[in-house]
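Trainee: Here's a structure for you.
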Amino acid sequence: MKEMKMPAIEVENTPTLKTEYQRLTVIIPTLNEANTIGKLLDDLVQRYPGINVIVADDDSTDGTRQEVLVRARVYPRIRLLWRKGKMPGLAASVLDALNLVSTDYFALMDGDLQHPPETIEKLLRALTRGYAVAVGRRVRYGLPPHRYLVSKVGTLMGRLRLWWTDSARCSDCGGGYFAGRTDLFLKVLRTHAECFELQGYKVLFEFLKQLPGHTSVAEIAYEFGWRSLGESKLSARIMLRYVRSLFR
Ligand SMILES: Nc1nc2c(ncn2[C@@H]2O[C@H](COP(=O)(O)OP(=O)(O)OP(=O)(O)O)[C@@H](O)[C@H]2O)c(=O)[nH]1
Ligand SMILES: [Mg+2]
């Protein structure tokens with residue numbers, strides 16, 4: 001799994017060709033995000049003609065799937081993965097969706113509008129320029145002080161872990177907004193499936209742990225918005241899962 005060594009830098013401001021959007025699949029895990037998922041999907045397909053989207057829904061009960069299906073009928077590049085009867089979990093949902101991706105690149109973003117859709121273009125641009133991974137780096141946090149602190153400490157611990165094992169690195173390894181080369185990530189998934197914390201939230205961290213230190217990683221700054229609609233699914237149990245994954 002040899003990757004060219006490239007420094008983690010901001011990607012310059014040249015627009016991505018419109019035809020490049022069809023090379024990307026955006027994975028959106030959802031659990032009861034009916035208030036926001038429709039708006040997010042509308043924004044993505046309007047902004048990025050030709051883009052592919054997979055919504056990986058863990059049997060939501062609030063009409064999330066209906067919001068997706070209404071749009072999928074009009075825009076067939078939107079697909080719904082209904083995980084009914086499967087072991088629930090954010091990471092498990094993302095990995096299931098990743099197995100369905102057939103485009104060169106994929107991106108992961110939340111379905112609650114905390115991740116700004118305009119950043120997708122910069123993530124994609126980094127990949128088409130040759131980076132293996134493009135990571136969104138939060139520069140503002142839509143989080144209350146205690147959550148901000150927990151997030152910062154968690155990210156610092158994650159960075160130490162990645163440095164200690166000479167794994168792939170970036171400054172915001174605890175974020176959930178990133179993109180990557182599909183073949184590389186599928187290879188990691190197929191060779192290290194048993195290592196993933198399937199009910200955890202830190203999918204990026206799980207992958208970085210398995211990628212070698214010389215992997216080329218670009219960092220793209222973005223403002224992590226406040227959750228204005230719907231409810232947070234993050235719990236103390238999920239945070240503990242992350243602590244466990246630091247030592248695995
Ligand atoms: N499929 C699936 N999606 C999930 C699950 N838990 C959370 N999600 C989705 O994953 C994304 C991130 O979850 P959030 O609850 O927003 O987590 P967060 O952004 O860290 O927390 P807040 O800042 O409080 O919103 C959202 O799109 C959720 O709907 C799950 O168990 N399964
Ligand atoms: Mg959120």
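The values are calculated or read from the model by the stated rules, or taken from the named source; none is laboratory data. Computed from a predicted model, the values in this text were never measured in an experiment. Cβ placement follows ideal geometry from the backbone for every residue including glycine, while neighbour counts extend to all protein chains displayed.
Trainee: Mind telling me which of the residues GLY136, GLY154 ends up being within 16 Å of ligand 2 (Cβ to nearest atom) and closer than 30 Å to TYR21 by Cβ?
Mentor: Step by step, each of GLY136, GLY154 is checked, and only GLY136 is within 16 Å of ligand 2 (Cβ to nearest atom) and closer than 30 Å to TYR21 by Cβ.
Trainee: May I pose another question? Regarding VAL203, is this residue aliphatic (A, V, I, L, M) and more than 14 Å from ligand 2 (Cβ to nearest atom)?
Mentor: no
Trainee: Can you go through LEU69, LEU124, LEU108 and tell me which one is hydrophobic (A, V, I, L, M, F, W, C) and surrounded by fewer than 20 Cβ atoms within 10 Å (Cβ to Cβ)?
Mentor: LEU69
Trainee: What are the residues in region 195-248 that are part of a helix (DSSP H, G or I) and under 21 Å from LYS86 (Cβ atoms), if any?
Mentor: CYS195, VAL203, GLU206, PHE207, ARG237, ILE238, ARG241, SER245
Trainee: Additional query: Please find, among GLY225, GLY180, GLY213, the residue that is within 13 Å of ligand 1 (Cβ to nearest atom) and closer than 29 Å to TYR21 by Cα.
Mentor: GLY225
Trainee: When you look at VAL94, is it in contact with a Pro (Cβ under 8 Å, 6 or more places away or on another chain), among the β-branched types (Val, Ile, Thr) and modelled with pLDDT of 95 or more, yes or no? Even if it seems obvious, please write down each step before you answer.
Mentor: Details: in contact with a Pro (Cβ under 8 Å, 6 or more places away or on another chain): yes; among the β-branched types (Val, Ile, Thr): yes; modelled with pLDDT of 95 or more: yes.
So VAL94 fits the description; yes.
Trainee: Taking region 189-219, which residues are buried (at least 21 other Cβ atoms within 10 Å of the Cβ) and hydrophobic (A, V, I, L, M, F, W, C)?
Mentor: PHE196, VAL203, LEU204, PHE205, PHE207, LEU208, LEU211, VAL217, ALA218
Trainee: State which residue is farthest from ILE238 (Cα to Cα) when the search covers only region 82-95 and only residues that are within 9 Å of ligand 1 (Cβ to nearest atom) and surrounded by 19 or more Cβ atoms within 10 Å (Cβ to Cβ).
Mentor: ARG83
Trainee: In region 130-151, is there at least one residue being closer than 17 Å to CYS173 by Cβ, touching a Gly at 6+ places or on another chain (Cβ under 6 Å), buried (at least 22 other Cβ atoms within 10 Å of the Cβ) and of a type outside the set (Gly, Ala, Ser)?
Mentor: Checking region 130-151: at least one residue is closer than 17 Å to CYS173 by Cβ, touching a Gly at 6+ places or on another chain (Cβ under 6 Å), buried (at least 22 other Cβ atoms within 10 Å of the Cβ) and of a type outside the set (Gly, Ala, Ser).
Trainee: Out of the residues in region 18-44 meeting the condition of being of a type in the set (S, T, N, Q) and within 11 Å of ligand 1 (Cβ to nearest atom), tell me which one is nearest to SER102 (Cα to Cα).
Mentor: In this case the residue turns out to be THR30.
Trainee: I've got another one for you. Contact list please: Cβ distance under 6 Å, first residue in region 33-50 and acidic (Asp, Glu), second residue surrounded by fewer than 22 Cβ atoms within 10 Å (Cβ to Cβ) and not in a helix (DSSP H, G or I), pairs at least six apart or on different chains.
Mentor: That search, which allows pairs on different chains as well, returns GLU33/GLY230; ASP43/PRO117.
Trainee: I would also like to ask the following. Being out of contact with any Cys (no Cβ under 8 Å at 6 or more places or on another chain) and within 16 Å of ligand 2 (Cβ to nearest atom) is true for just one of ASP96, ASP110. Which residue is that? Reasoning before the result, please.
Mentor: Working: ASP96 fails: within 16 Å of ligand 2 (Cβ to nearest atom).
Being out of contact with any Cys (no Cβ under 8 Å at 6 or more places or on another chain) and within 16 Å of ligand 2 (Cβ to nearest atom) holds for just one of ASP96, ASP110, which is ASP110.
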